[in-house]
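Let me begin by presenting the structure, written as structure tokens, before commenting on it.
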Amino acid sequence: MKQENKSSMTSLQKWGGAAALYEALAYIIGFVGFIAVVNVGGSADPLQKVAAIVENQGSLTVLYLVVYVAWGAALVVLTLALHERLQGNKSALARTATAFGLIWAVLVIASGMIYNVGMETAVSLYAQNPEQAATVWLAIESVFNGLGGGVEVVGGIWVVLLSVAALRNGGLPRAFNIFGLLVGAAGVVTVVPALSEIGGILFGLTQIVWFAWLGIILLRRPSETAVTVDNLVSGAAT
């Protein structure tokens, strides 16, 4: 029984590693897709933006499914794997980090779904009344950005808390944790309007490295610091 539980914990670590690698890949797909393929954010004119969305609706739908909805689902797996690795049942800081990770996952999934559903509404309106479609899209885009499309503070807090918890716990390499503090700080500063754009770019670029590095760590050393059944039993006894 103990061996079976330990095996399932190791399996979760591996799934977490795979999820982290997917997060990094999705960031790359997002950068390439949203900048080089369908750059609808390049225009400040709402009418032109909706027109670009109409032309690229299919590509945008796929991108937001990959970069937001699926990304958020993978983040749930990764968050639970890290909770296990950092023995979150014993650490208040690790539990708090887990909460922020799950909140971030929900916000990202909701952002992607709102964008895709809102895009369908704007596109259907555009054929009849372009001005009304542009007005509707402004409202949808504001909600999208508020949930997480424009501010990365929740993700930044998650990375900072994880890094501090791992520095105390020793569940992840020290160099990785120090790098994580810098990555998280870039996300947190996006809450400041003057620093939002540069912070978002830095957060996105450094998170590619962070997620890829994390994925390699979890896949190469899946059970090095994973919680064992004996730890759980002793923790419950105390």
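Here are the numbers:
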{"read-out": "Separation of the Glu120 and Ala73 label points, Cα + 7 Å toward Cβ, nm", "value": "1.7 nm"}
{"read-out": "Span-like helix ranges in the chain, DSSP H, alpha carbon extent 18 angstrom or more, Kyte mean at least -0.5", "value": "2-32, 70-85, 92-126, 130-144, 153-169, 174-188, 196-220"}
{"read-out": "With every protein chain in place, region 23-141: carbon and sulfur % of accessible area (1.4 Å)", "value": "67 percent"}
{"read-out": "Selected from Val77, Val143, Val192 as most flexible by GNM, with the chain as the system and alpha-carbon contacts under 10 Å", "value": "Val192"}
{"read-out": "Cα lying deepest toward the dipole's positive end in the chain, options Val106, Ala134, Ser59, charges on Cβ", "value": "Val106"}
{"read-out": "Most mobile of Gln128, Gln48, Gln87 in a GNM of the chain (Cα contacts under 10 Å)", "value": "Gln128"}
{"read-out": "Size of electric dipole in the chain: Cβ of Lys, Arg +1 and of Asp, Glu -1, about Cα centre, debye, nearest 20", "value": "1080 debye"}
{"read-out": "Residue among Gly199, Ile217, Val189 farthest towards the positive dipole end of the chain, charges placed on Cβ", "value": "Ile217"}
{"read-out": "Helix-only [θ]222 nm of the chain, DSSP H runs n ≥ 4, -39500 (n - 2.57) each, per residue, nearest 500", "value": "-26000 deg cm²/dmol"}
{"read-out": "Student exercise, region 73-167 dipole from Lys, Arg, Asp, Glu Cβ charges, in Debye to nearest 20", "value": "520 debye"}
{"read-out": "Candidates Thr135, Thr190, Thr98: whichever shows maximal mean-square fluctuation once the chain is modelled as a Gaussian network with Cα springs under 10 Å", "value": "Thr135"}
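The values are calculated or read from the model by the stated rules, or taken from the named source; none is laboratory data. Nothing here was measured: the structure is a model prediction, and the numbers come from that model. Glycine also receives a Cβ, built like all others from the backbone with ideal geometry; neighbour counts cover every protein chain displayed. Accessible surface areas use protein heavy atoms only, side chains included; no ligands, DNA or RNA. Shrake-Rupley method; radii C 1.70, N 1.55, O 1.52, S 1.80 Å.
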